[in-house]
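Q: Dropping a structure here in structure tokens format, bear with me for questions.
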Amino acid sequence: MSSYLLMLQADADDQYITESALAAINPSVTIKYVDNSEEMEQTIALNGEPLLILVNDQGTLKERGRTLRQLKTNDSYAHIPVVLLGERSSADYVKECYRAGASTFITKPSSVEATQKKIQQFLSYWLEVAEH
């Protein structure tokens, strides 16, 4: 399996925070960034399966649901964990994300330091504890 993470729709701040957190845990794992599901499919076709797919929760639940369903209904990627990083986290919204196929939903804290710590924690789990 390839040693990279795939991150969908990350802005420059999210990219920096995620890269910093990952470097502190496992510098040998890289991150590839894509803007849409078409680029995501191309990246996977060229680079093999990522260890994890991170989806920055921008846009509507309908858009996120479409992306999640696309991943989870494709036999080639259905087994890849998908983590949603969001700024809103009502119980109903989180449940809808899980129903659409998210493996985990993480609410981003308001400070950069807290966000980086939270990202380190979940990356540590997915890269060091969970079986691939």
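Q: Taking the beta-carbon count within 10 Å as an exposure proxy, list ILE106, ILE119 from fewest neighbours to most.
A: By the 10 Å Cβ count, ascending: ILE106, ILE119.
Q: In square nanometres, what is the average projected area of the Cα convex hull of the chain?
A: Result: 7.4 nm².
Q: Are there GluC sites (Glu not before Pro) in segment 1-109 that DSSP puts in a loop and that have at most 13 other Cβ atoms within 10 Å, and which ones?
A: Here the sparse-neighbourhood loop sites are GLU87.
Q: Translational diffusion coefficient, Stokes-Einstein: compute it for segment 1-54 using the Kirkwood radius over C-alpha pairs as Rh, at 25 °C and 0.890 mPa s, and state it as an integer in µm² s⁻¹.
A: 218 µm²/s
Q: Aspartates and glutamates near LYS117 by alpha-carbon distance under 14 Å, same-chain residues fewer than 8 away left out - which ones?
A: Correct list for LYS117: ASP14, GLU19.
Q: Further, regarding this structure: Output the pairs from LYS72/LYS118; LYS32/LYS72; LYS32/LYS95; LYS72/LYS108 with a Cα-Cα distance over 22 Å in this structure; if there are none, say none.
A: Listed pairs above 22 Å: LYS72/LYS118; LYS32/LYS95; LYS72/LYS108.
All of the numbers you see were taken from the coordinates with simple rules; none came from a lab. Every value quoted in this text rests on a predicted model; they were computed, and no experiment measured them. Every residue, glycine among them, receives a Cβ derived from its backbone with ideal geometry; neighbour counts consider all protein chains shown.
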